[in-house]
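Peer 1: This is the structure, below, for whatever I ask next.
The values are calculated or read from the model by the stated rules, or taken from the named source; none is laboratory data. Being a predicted model, the structure only gives us computed values, none of them experimental. Here the Cβ positions follow ideal geometry from the backbone for every residue, glycine too, while neighbour counts run over all protein chains shown.
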Amino acid sequence: MAKRRKLEAPSSDDLSKLEEEFRRETRPDAAGAGIGRAGVAPIAQVAADSAALAQPASVADRARQAQLEARAADLVAAERDGRLMVDLALAEIDADAMVRDRAILDRDEMTELRLSIAAGGLRLPIEVFELPPALVRDGVRYGLLSGYRRLMAVRELLALTEQDKYRTIRAILRPAAETDAAFVAMVEENEVRSELSHFERGRIAVISSQQGAFVNVEEAVNKLFATGSKAKRSKVRSFALIFEELGDMLAFPELLSEKRGLRLAQALRQGGESRLRDALAGAAPDTADEEWAALEAEIARMDSPAPDPKRGGRPRAAKPAMGWQNADTLVTSGGVTIRRMHDGVGHLLRFEGRAMDSELMDSLIEEIRALLEKP
């Protein structure tokens, strides 16, 4: 059996040696020198530091942190809602991402806009949207929603001056929108800033429906021009018909007046497309009036077909001359006869003729209303 060892109390020298070793192993590091915490064990130092860090921030610090978080949330919301304004390189923007409703750009207006931007800068930013990843290529990341003329003017200024300030343009980054909403926004912007021509309205209605933004031209007209009157939408449908059937042959479609366009649309509805296309094919007009003269001649022949010699019977009465036939009857060049009458209640107007249809009547009512409205 092993002999038990007898324990002896350490001497004073041994105790002094142990204390010295303890102090040496637990002395404060360089970072804590001079703090007056010598002899504190490492675990105690860590606990003290952690407690210091866990102390709540001051009121001022917490208010500043809350402001930073609120601003970050506002920025995220602005980007989501399409209120974020950024400076984009011109090379990043595809001006033709959407078919534009504006068919031609007036050079005088473009020159005026370019001079205005050069003198005072761009006062109104353009609007863009991010292109789908499949369409991003060659550094082009954004599609133009509105501001086509402003973008073109800045590009022209860059080409003329080569100044760095024209390499970018200020833009509002809109969220990705449905195609129909994008077309509506574009039309509304141009209607407000620079009214579209009758032909341009009909053209964008047809193109937007062909691209699948709307079910058909009827829906396109109703949504694109929802704030317009019934008569205005009727006119747009007439010019949409002209674009569909003659748009590829007309040399001066944007200069087609409302009156001429409505008469041309009526001829198309009566089945005159092939004859009118033949008339345009045989003409080489240098002006809008010359082009209309060729069309009008064919429309007149459609209104007054040549008699068939094989048919018997009483000869057809001659077409009445144009102008006032008497004090109450007016025959117009469009083939409409207007008769003025009066009864005990008031005055009456009667419209007769093949060219008179519901759409033309809607337009007449709108014109009469505008004439009688108080200024």
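Peer 1: Just to verify a result, which residue in segment 198-213, among those that are surrounded by fewer than 21 Cβ atoms within 10 Å (Cβ to Cβ) and part of a loop (DSSP other than H, G, I, E, B), is modelled with the lowest pLDDT?
Peer 2: Across segment 198-213, the extreme among qualifying residues is Gln211.
Peer 1: Mind checking which residues of segment 107-119 are loosely packed, with under 10 Cβ neighbours inside 10 Å and modelled with pLDDT of 85 or more?
Peer 2: Ala119
Peer 1: Please work out which residue is farthest from Pro175 (Cα to Cα), limiting yourself to segment 120-140 and to residues that are surrounded by fewer than 11 Cβ atoms within 10 Å (Cβ to Cβ) and over 19 Å from the mean Cα position of the chain (by Cα).
Peer 2: The residue in question is Gly120.
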